Amino acid sequence: MSTVLPPSSSSSASGWQPVAFDTGTAYGRKPPSHKAELTEVGAGTPMGELLRRYWHPIGLAADATDTPRQVRVLGEDLILFRDKGGRPGLVHWRCAHRGASLYYGRVEEGGIRCCYHGWMFDVQGHCVDQPCEPENGARTRGRVRQPWYPVEERYGLVWAYLGPAEKKPVLPRYDCLEVLDEGETLEADDNSIGGGGPRIIPCNWLQHYENVADPFHVPVLHGSFSGTQFVALMGQMPEVNFESTETGVMITSIRRLEDGRVFRRVAGPVLPTLRVVPNPRVAAYGRVESIGWVLPIDDHSFRIYTVGRVKQPGDLARVRSRLNGKLWEELSEEEHRRFPGDYEAQVSQGAITAHSEEHLASSDRGIVMLRRLLQRQLDALREGRDPAGVSFDADAPPVRFEAGNFLQGE
């Protein structure tokens, strides 16, 4: 607020009153900006290089077939396939010969063959045939290698490592997916469970990943604002304890029931992109039954792969959010507006949110802790150290999480 005084010549004018103007309008606001170091994932960017030091799920195991499949990971366009020998492969989309897309290639026993001149590459990018060259390229094909990435299969997913070969860690195992109760099997899902929308979500990955560290949005967005989207118990504003760990942020939300029992929900983000989130519908109490990985497709989109222990096929898909009793794609535009969920709250921030315009409060403690965790890993990389959460020990025990829905005082 500012006050405008009249010129001195008129200061004594009869009846004059100082005029106050509210200067807190949007006029003159600075151009918005985002935290590029934390959000941008392309090759050569700080976060892009950090994420390339970990394994990432890039598809269901069933996605790797003898039909080439386009995938986009960390801003790179790649082709996933499975050769006739059953080996999965992941290669750069442009043929190393003349640049035709291997999406139009043909998968054979020894690899993938380009449609243009027939050059064939195995799952490690070796050129194994050049039919237009003398002796099928016996003297020349060894000079060419198609850019490729290592892949492995586990838990019904195909995993890729896009980082430096000399720093390739072992693909982790997870305790909650290794120890199954009687009658349980593992199921993998690519529906972006937890994203509250379609498979491909058109905003920066960090906007969703930070949501995992934000327990206070649950009783508002999923309760009082849009109506009960999970169970009524989750609509209660919780007491929250935040704990920083070497590889994540452990968040304990405490809700006290009228009968004296205490409901403890332990969740949180874990490096590199894990969302360790117990079923918000509290279908059962105990250890977390599924975990998901946020896969940055590029700077402006992501998707989520989930693996969990299930009793019946399709159980994971049934965990998908329902708004006003409907799946996201079944809602009208009016219903999306009246019953917004995670998708609307995160995507509406923009392709990459304007961090310069944030005003963080005490309830955002988990967000601050997560950003600091990521910043520490960026610092480690700059200093030549390995980031937290990578292991080069093939005999390392499965990663264990202290996460789940727990009811005390029964």
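The values are calculated or read from the model by the stated rules, or taken from the named source; none is laboratory data. Note that the structure is a prediction, hence the values are computed from the model and not measured. Virtual Cβ from ideal backbone geometry, glycine too; neighbours counted across all protein chains shown.
Could you look through the stretch 281-306, keep only residues that are part of a loop (DSSP other than H, G, I, E, B) and either free of Cβ contacts under 8 Å to residues at least 24 places away in the same chain or under 28 Å from residue 73 (Cβ atoms) (or both), and pick out the one that is farthest from the chain's Cα centre (by Cα)?
Taking the candidates together, the pick is 283.
Can you say whether residue 386 is more than 22 Å from the chain's Cα centre (by Cα) and assigned to a loop (DSSP other than H, G, I, E, B), as far as the supplied structure shows?
It is false that residue 386 is more than 22 Å from the chain's Cα centre (by Cα) and assigned to a loop (DSSP other than H, G, I, E, B).
Which residues, counting only those in the stretch 42-76, are within 27 Å of residue 108 (Cβ to Cβ) and touching a helix residue (DSSP H, G or I) at 6+ places or on another chain (Cβ under 9 Å)?
Those that are within 27 Å of residue 108 (Cβ to Cβ) and touching a helix residue (DSSP H, G or I) at 6+ places or on another chain (Cβ under 9 Å): 68, 69, 70, 71.
For residue 137, only one of the following conditions fails: (1) at pLDDT 95 or above; (2) surrounded by 18 or more Cβ atoms within 10 Å (Cβ to Cβ). What is its number?
The one condition residue 137 does not meet is (1).
Looking at the stretch 145-162, which of its residues are among the small types (Gly, Ala, Ser) and either at pLDDT below 95 or surrounded by 20 or more Cβ atoms within 10 Å (Cβ to Cβ) (or both)?
Answer for the stretch 145-162, where residues must be among the small types (Gly, Ala, Ser) and either at pLDDT below 95 or surrounded by 20 or more Cβ atoms within 10 Å (Cβ to Cβ) (or both): just 160.
Could you figure out which of (1) of a type in the set (Gly, Ala, Ser); (2) within 22 Å of the chain's Cα centre (by Cα); (3) loosely packed, with under 14 Cβ neighbours inside 10 Å; (4) more than 28 Å from residue 381 (Cα to Cα) isn't true of residue 26?
(2)
What is the one condition in (1) more than 30 Å from residue 60 (Cβ to Cβ); (2) at pLDDT 95 or above that residue 270 does not satisfy?
(1)
Here is a check on your reading of the model: is residue 31 over 28 Å from residue 174 (Cβ atoms), buried (at least 20 other Cβ atoms within 10 Å of the Cβ), touching a helix residue (DSSP H, G or I) at 6+ places or on another chain (Cβ under 9 Å) and not assigned by TED's automatic domain parsing to the domain that holds residue 205?
So residue 31 does not fit the description; no.
Provide a single number: the residues in the stretch 377-410 that are surrounded by 15 or more Cβ atoms within 10 Å (Cβ to Cβ) and either touching a Gly at 6+ places or on another chain (Cβ under 6 Å) or within 22 Å of residue 211 (Cα to Cα) (or both).
Residues flagged as surrounded by 15 or more Cβ atoms within 10 Å (Cβ to Cβ) and either touching a Gly at 6+ places or on another chain (Cβ under 6 Å) or within 22 Å of residue 211 (Cα to Cα) (or both) within the stretch 377-410 amount to 9.
Taking the stretch 233-276 as the search range and keeping residues that are polar (S, T, N, Q), under 26 Å from the mean Cα position of the chain (by Cα) and in a loop (DSSP other than H, G, I, E, B), which one is surrounded by the most Cβ atoms within 10 Å (Cβ to Cβ)?
273
Among residues belonging to the stretch 353-366 that are assigned to a helix (DSSP H, G or I) and buried (at least 18 other Cβ atoms within 10 Å of the Cβ), point out the one that is farthest from the chain's Cα centre (by Cα).
Looking at the filtered set, the residue picked out is 365.
Does residue 207 satisfy the condition of being touching a helix residue (DSSP H, G or I) at 6+ places or on another chain (Cβ under 9 Å) and free of Cβ contacts under 8 Å to residues at least 60 places away in the same chain?
Judged against the criteria, residue 207 is not a match.
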